[in-house]
Amino acid sequence: MSYRSPLLSRPGAVEASQPDAGVAAHYGDPLREQRLLAGGTAVVDLSHRGVVTVAGEDRLNLLNTLSSQLLLDLKPGQSRETLLLTLQGRIEYDARIIDDGDTSWLIVESFEAEGLAAWLTSMKFMMRVEAVDATDRWAVVGAAAAQPGFEGRLGWQDPWPEIGAGGYAYTGIDEPEHPGRDLTWFEYLVPADELEDTLAGRELAGVWAAEALRIAAWRPRFGLETDEKTIPHELDLLRTAVHLAKGCYKGQETVARVHNLGHPPRRLVFLQLDGSQHTLPDAGSEVRLGERTVGRVTSAAQHYEMGPVALAVVKRSVDPAAQLVVVDGDESYDASQETIVAPDAGKVVGRPTGLLRGPR
């Protein structure tokens, strides 16, 4: 049976479509909700997200061995992001991780949880670890500011867009100018049977609001900005989800080879769309340069200040100054691009210093 949040019974609630089915897209006034969410006075129901718990004395050792992030030094209450990759370095799972001293909590997309818990269990061998898909027992609540009354709850704070220890930025811009610095993001864990009572009396925003703020912050999302071929470099995920100096893990060879000697074949861009149609292109819409298809839209939203915006993955060779067109069926949208991942990102061996931001 598919999930359906109890908060969909709130007046005005309109259910979102995939991948956010089961929670509200909005509650009747999307732009007002977005302003409140951005200002820190509203929260968003993300109770459809997956939650995997990893308990046991060896939990951090196991997660560190398998993933792209250094986790052996993760202290209770600290938040990190980590990736599990294929041998070819392609993203298989993207997890938000916080530890409480006894258990590591992994917040993932809903379709990741069951497979991730099963795979971690299969990889524990003799380690003292128990991985469980706890999605049915826990709900996630998102917010753009620390919430009063939530002080005792376990909450993950997004490290984006900071460059973590061992990380590397592929943007090539002055870091204070990164638009992600305008968004602080928290995801709180709440027992599923307490969700309604916990959010009673609080202003609610739908997932449309959260998506618009995410897109404006250039923040990639697993399952939207990714496909079966995505490597972390294409989405600027080396800044928050990869530690370039940690020990061996599956996919590390590809991560190192592309970073040191090559370039990612594609790159993430931000698109400011022409708003005259008063519609938005669907994910998967073609991005064209002249008559040539050079990429696909991955996410689109109506931002309360900027209007229609989108993220897209395009070929690395696309001129960053070129005017693009997004085509969705019979609709066309003029699109001005802003560079997220620089066309010359990667190939750091022999690169003059000071161009991109490296490990600290």
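The values are calculated or read from the model by the stated rules, or taken from the named source; none is laboratory data. All of these numbers come straight from a predicted model, not from anything done at the bench. For neighbour counting, all protein chains shown are included, and Cβ atoms are generated from backbone atoms with ideal geometry for every residue, glycine included. SASA here: full protein model, heavy atoms, side chains in, ligands and nucleic acids out. Shrake-Rupley method; radii C 1.70, N 1.55, O 1.52, S 1.80 Å.
So the values come out like this:
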{"read-out": "Estimated FRET transfer efficiency (Lys75, Ala321; beta-carbon r; R0 45 Å; 0.05)", "value": "0.55"}
{"read-out": "Where labels lie 7 Å past Cα in the beta-carbon direction, separation of Arg288 and Val349 in nm", "value": "4.1"}
{"read-out": "Charge dipole (the range 82-156, unit charges on Cβ, about Cα centre) - positive-most of Thr121, Phe150, Ser110", "value": "Thr121"}
{"read-out": "Inter-probe distance in nm under a simple model that places probes 7 Å from Cα toward Cβ, at Ser17 and Arg257", "value": "3.9"}
{"read-out": "Within-13-Å neighbourhood charge of Glu112 [Cβ basis; K, R +1; D, E -1]", "value": "-2"}
{"read-out": "Out-of-range pairs (alpha-carbon distance over 23 Å; input Lys124/Lys229; Lys250/Lys315; Lys250/Lys347; Lys75/Lys347)", "value": "Lys124/Lys229; Lys250/Lys315; Lys75/Lys347"}
{"read-out": "Net charge over other residues, Cβ less than 11 angstrom from the Cβ of Thr135 (K, R count +1; D, E count -1)", "value": "-3"}
{"read-out": "Of [x] 18.9, 54; [y] 21.6, 69; [z] 20.0, 60, the label for Rg and Dmax of the Cα atoms in Å derived from the coordinates", "value": "[z]"}
{"read-out": "Theoretical gain in end-to-end length, Glu305 to Met126 [0.36 nm per residue, Cα-Cα removed]", "value": "59.1 nm"}
{"read-out": "Per residue, in Å², the accessible surface of the chain once ligands and nucleic acids are set aside, probe 1.4 Å", "value": "43"}
{"read-out": "Charged-residue dipole, Cβ positions (Lys, Arg, Asp, Glu), the range 172-256 about Cα centre, Debye nearest 20", "value": "360"}
{"read-out": "DSSP-assigned coil residues among GluC sites (Glu not before Pro) in the range 125-212, each with at most 11 further Cβ atoms within 10 Å", "value": "Glu151"}
{"read-out": "Local net charge near Val54, Cβ-Cβ under 12 Å (Lys/Arg +1, Asp/Glu -1)", "value": "-4"}
{"read-out": "Charge-dipole axis of the range 208-352 as Lys and Arg at +1 and Asp and Glu at -1 on Cβ define it, positive-most pick from Thr339, Thr279, Gly350", "value": "Gly350"}
